[in-house]
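What follows draws every value from the coordinates through simple rules; no lab data is involved. The structure presented is a predicted model; accordingly, all values stated were derived computationally and were not measured. Glycine gets a Cβ as well: all are built from the backbone with ideal geometry, and neighbour counts include every protein chain shown.
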Amino acid sequence: MIVTVDGLRQGQLVRSIAGRDKGQYYLIWDFIGDKYIEVVDGIKHPVNKPKKKNLKHVRVTMVVATQIEEAILKSERITDSQIATAIKERINELEEGDRFHG
């Protein structure tokens, strides 16, 4: 079963649109109530120290790192390098999509 908050999924790529980290990409790690999420990037915010973000302060993409999502749901160990790699791959997917759709 996929855990969602307003249709969001763990492992989904989001981009910060407010704060000192504006423009930074993260993966959704967990949900805190219905207004906040915990995000990780594998570098400044490793899996053992996720960043709490208000949902109003992120732009959600439609891209999900499914391997990360599945690992979270199965409670498997996820490394920071896996997170960082997944983010890079998802950003590339987004950029390729932009080239084809606009």
Rounded to two decimals, the Debye log10 I(q)/I(0) of the chain (Cα scatterers, no solvent) at q = 0.10, 0.11, 0.17 Å⁻¹ is -0.24, -0.29, -0.71
Ranked on Cβ counts within 10 Å of their own Cβ, fewest leading, E93, E76, E38 go E76, E93, E38
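Test of understanding: ordering Y26, Y36 by Cβ neighbours within 10 Å, fewest first, what list do you get?
Details: Y26 25, Y36 16.
Fewest-to-most Cβ neighbours within 10 Å comes out as Y36, Y26.
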For the pair D30 and R15, the simple spin-label estimate (label points 7 Å beyond Cα toward Cβ) gives in nm 2.8 nm
Computed ³J(HN,Hα) along region 87-95: with the Karplus parameters 6.51/-1.76/1.60, θ = phi - 60°, integer Hz and x for glycine or proline, the list is 5, 4, 5, 5, 4, 4, 4, 4, 5
Interchain or sequence-distant (5+) residues whose placed amide H lies within less than 5 Å of the amide H of Y36 are L55
Per-residue ellipticity at 222 nm attributable to helices in the chain (runs of n ≥ 4 DSSP H, -39500 (n - 2.57) apiece, nearest 500 deg cm²/dmol) works out to -9500 deg cm²/dmol
Amide H proximity to G42 below 5 Å, modelled H, separation 5+ or other chain, gives V47
